[in-house]
Amino acid sequence: MGLDKVLGQDRAINYLRKLLERRALPSTLIFVGEKGVGKKLAAVEFAKALNCKVDPLNGCDTCKSCIAIENRVHPNLKIVDKETIGIDDIRDIIDNSYVPYEGYKVNIFVDVENATIQAFNSMLKFLEEPPKNTLNILTCENLENLPETIVSRGVIVKFGKLPLEVVKKIVKKSVEDDERASTIAHILDGTLKNLEQLTKEETYKKRKQLLTSFLNLIKKKETGTKFILRFKDYYGDFNYITVNDFIDEAIDLLKDVMFIVVKKETEIIKNIDLLGFIADEFLAFSLKKIKEIYVLLTKAKEGLLTNANAMHIILSVIFTIENI
């Protein structure tokens with residue numbers, strides 16, 4: 001199937017196919033978009049197509065080259081997918097790129113915004129002047145998180161959110177019940193980032209309980225302490241990843257509340273599993289307070305980006321809401 005596996009990204013895939021047709025590749029491609037929209041998958045499938053002699057515009061998935069790339073054992077494919085990309089990772093990629101082998105070398109740097117300054121500095125000249133038949137693919141969520149010197153050396157390929165029907169089709173592979181699959185597809189909101197977790201019934205229920213608890217905290221029907229217990233039950237710990245994920249979820253939830261309260265709009269809300277609760281509890285609630293909490297959450301997210309203590313940030317948010 002090759003590039004055909006990448007669903008819901010027609011514009012990006014069409015551009016990549018044009019590059020395959022011309023075989024006039026830039027030295028660096030930067031795939032930009034949210035987590036879970038197919039950037040890494042597209043990068044791997046593009047590597048297959050570049051090295052496939054059976055179907056060089058798509059990748060065949062059956063030849064030795066495609067099978068080796070699929071199993072991550074092809075000498076032409078290197079993937080750096082780590083919480084922190086260090087200078088040694090870049091040096092390994094550079095060294096491997098100069099080892100001669102038939103076909104195209106493809107180096108994929110997943111979530112490249114996680115690279116250290118030293119790694120970015122080491123990467124610069126290599127991105128500009130890689131060996132012949134070498135392509136570097138960088139994936140990231142936001143170009144603003146990359147040094148301008150890195151961005152200027154690549155061709156940007158944008159990946160948007162996935163259409164709802166595409167997400168639902170993928171969810172249906174794991175969830176038979178059509179109504180539940182539709183609900184999960186709405187919650188995923190155009191990405192597959194949390195697909196594996198949400199298709200587990202226990203996780204699905206705990207998420208709903210956590211967000212209900214947050215709404216009850218706003219309504220002063222639950223204490224901050226009880227909410228903290230819900231948070232730990234769902235996430236396990238307070239760290240950058242869990243706090244950032246919750247803040248994103250809470251911001252989206254408040255957007256849903258405002259859509260329902262202000263516009264009486266229900267078709268485009270994300271958390272349709274909480275639609276009834278929001279309608280019952282918030283139609284007469286103070287919109288001013290909702291906006292205050294929304295601003296509080298956006299400032300907390302900004303604080304996380306400055307490497308502030310994640311536990312301190314979320315506890316401050318919780319107890320501030322408790323006293324609004």
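Can you pull out the trypsin sites (Lys or Arg not before Pro) in segment 114-173 whose DSSP state is coil and whose Cβ has at most 10 other Cβ atoms within 10 Å? Please list the in-between numbers first.
Details: sites: K125, K132, R153, K158, K161, K168, K169, K172, K173; in loops: K132, R153, K161, K172, K173.
Listed in order of number, the matching sites are K132, K173.
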Exercise. Scan (1) 17.7; (2) 16.9; (3) 21.2 for the value of mean projected area of the Cα convex hull in nm² calculated from this model and give just the label.
Key: (1)
Self-check item: Stretch gain in nm, segment A284-R11, where the contour uses 0.36 nm per residue and the Cα spacing is subtracted
Solution: 94.0 nm
Quiz item: Given labels modelled 7 Å from the Cα in the Cβ direction, how far is it in nm from M311 to R72?
Solution: 3.2 nm
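At a threshold of 8 angstrom on Cα-Cα distance, excluding pairs fewer than six apart, so keeping six or more, what relative contact order does the chain reach in percent? Before the final figure, lay out each step's value.
Details: 437 pairs, mean separation 53.1, N = 324.
Reported relative contact order: 16 percent.
Please identify every one of the trypsin sites (Lys or Arg not before Pro) in segment 251-324 that sits in a loop by DSSP and has no more than 13 other beta carbons within 10 Å of its own beta carbon. Could the numbers behind the result be given before it?
Values: sites: K255, K263, K264, K270, K288, K289, K291, K299, K301; in loops: K263, K264, K270.
Within segment 251-324, the qualifying trypsin sites (Lys or Arg not before Pro) (loop, at most 13 other Cβ atoms within 10 Å) are K263, K264.
DSSP H helices in the chain with Cα extent of 30 Å or more along the helix axis and mean Kyte-Doolittle hydropathy at least -0.5? Mind dumping the intermediate values first?
Working: long enough: 240-262 (32 Å, 1.08).
Helix filter hits for the chain: 240-262.
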Quiz item: Which is farthest toward the positive dipole end of segment 23-131 among Y101, L41, V112, measuring Cα position about the Cα centre, with Cβ charges +1 (Lys, Arg) and -1 (Asp, Glu)?
Solution: Y101
Quiz prompt | Helix-only [θ]222 nm of the chain, DSSP H runs n ≥ 4, -39500 (n - 2.57) each, per residue, nearest 500 | solution = -17000 deg cm²/dmol
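Within 10 Å of each candidate Cβ there may be at most 15 other Cβ atoms; applying that plus a DSSP loop requirement, which chymotrypsin sites (Phe, Trp or Tyr not before Pro) in segment 45-140 survive? List each step's numbers first, then the result.
Working: sites: F46, Y98, Y101, Y104, F109, F120, F126; in loops: Y98, Y101, Y104.
Here the chymotrypsin sites (Phe, Trp or Tyr not before Pro) that fit, given the DSSP loop and packing criteria, are Y98, Y101.
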Quiz item: Between N239 and K264, what is the FRET efficiency for a Förster distance of 45 Å, r being their Cβ-Cβ separation, to the nearest 0.05?
Solution: 0.75
Quiz item: Which residues make up the longest stretch of the chain that has no GluC sites (Glu not before Pro) in a DSSP loop with at most 11 other Cβ atoms within 10 Å?
Solution: 177-266
Quiz item: Can you give me the Cα centroid spacing of segment 120-186 and segment 22-50 in angstrom?
Solution: 8 Å
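The numbers here are math on the coordinates, done by the rules we state, and not lab data. This one's a predicted model, so the numbers in the text were calculated from it and none came from an experiment. Using ideal geometry, Cβ is built from the backbone for each residue, glycine included, and neighbour counts are taken over all protein chains shown.
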